[in-house]
Amino acid sequence: AAPLTMNAFELISKSQGLNLSSLFEK
Amino acid sequence: MGCIFSKENRQFPGYEDPINLASQTAFSVSEVEALFELYKSISSSIIDDGLINREEFQLAIFNNRKKENLLANRLFDLFDVQQQGFIDFGDFVRSLSVFHPNAPEEDKIEFSFKLYDLDNTGFIERQEVKQMLIALLSESEMKLADETIEIILDKTFMEADVKGDGKIDKSEWQSFVCKNPSLLKVMTLPYLRDITTTFPSFVFNSEVDEIA
């Protein structure tokens, strides 16, 4: 989705830095 | 009937009794033991001291050594419950428990509020949100002009900051999240349901032979 249709937190939550799933994807 | 404990895990630095941790979290004893397998691997990835330092935490998230990331740093600070500068096994399990699919939604809302309240003032301020947006842009290929960022912030605060004081308090955050449930998606890790199958080797290291 285009950034302007999203709120700031929806965008921030896409940060790889918040992606704890990667802990389990070895 | 009773419990038989081996000493090997108990001698591991930062170790905490799985039965105790299971009683305080959304995990079963076996799941806590499976998490210990993951914990051992992360905590020995750079310095084999049985504790997770900031660099090891970032390495585990990014799968490679990468420069500091604001949001991963913030997560580390929240996992480091006792503010010791490292995450021990108890911190790791208690923090991950909030991300369990069965964890109470209030806990997820509380944790996400703290996550975005970068300076721990009890409010999510516009400047903090802008800082996180800029950090996100610096790690992605997405380019946004400053005026576009301001438009996104205006729109977000118009919806979330009901009192109009330029900051989001806990009750405003709760209402905002209820209207935008996708914001809590990042707070749930479906992997935690299958942790014992992801790390089956916990069986060989299990301290609990039998639970009465």
Checklist entry - Given (1) more than 11 Å from chain A (Cβ to nearest Cβ); (2) closer than 24 Å to B:N73 by Cα, where does B:K163 come up short, assuming only one miss? => result (2)
Next on the checklist: If I ask for residues that are assigned to a helix (DSSP H, G or I) and free of Cβ contacts under 8 Å to residues at least 12 places away in the same chain, which ones from the stretch B:63-108 would you list?
Outcome noted: B:D77, B:E106, B:D107
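Keeping to the stretch B:109-133, report how many residues are aliphatic (A, V, I, L, M), assigned to a helix (DSSP H, G or I) and more than 11 Å from A:L11 (Cβ to Cβ). Spell out how you get there, then give the answer.
At the first step, the residues of the stretch B:109-133 found to be aliphatic (A, V, I, L, M) are B:109, B:115, B:118, B:124, B:129, B:132-133.
Subset that is assigned to a helix (DSSP H, G or I): B:109, B:115, B:129, B:132-133.
Those still in the list that are more than 11 Å from A:L11 (Cβ to Cβ) too: B:109, B:115.
The qualifying residues number 2.
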Item to check | Candidate set from the stretch B:17-48 (those that are among the acidic types (D, E) and surrounded by fewer than 24 Cβ atoms within 10 Å (Cβ to Cβ)); member that is farthest from A:L20 (Cα to Cα) | outcome: B:D17
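No lab work stands behind these numbers, since they all come straight from the coordinates. This one's a predicted model, so the numbers in the text were calculated from it and none came from an experiment. Quick reminder, even Gly has a Cβ in these numbers, built from the backbone with ideal geometry, and neighbours come from all protein chains shown.
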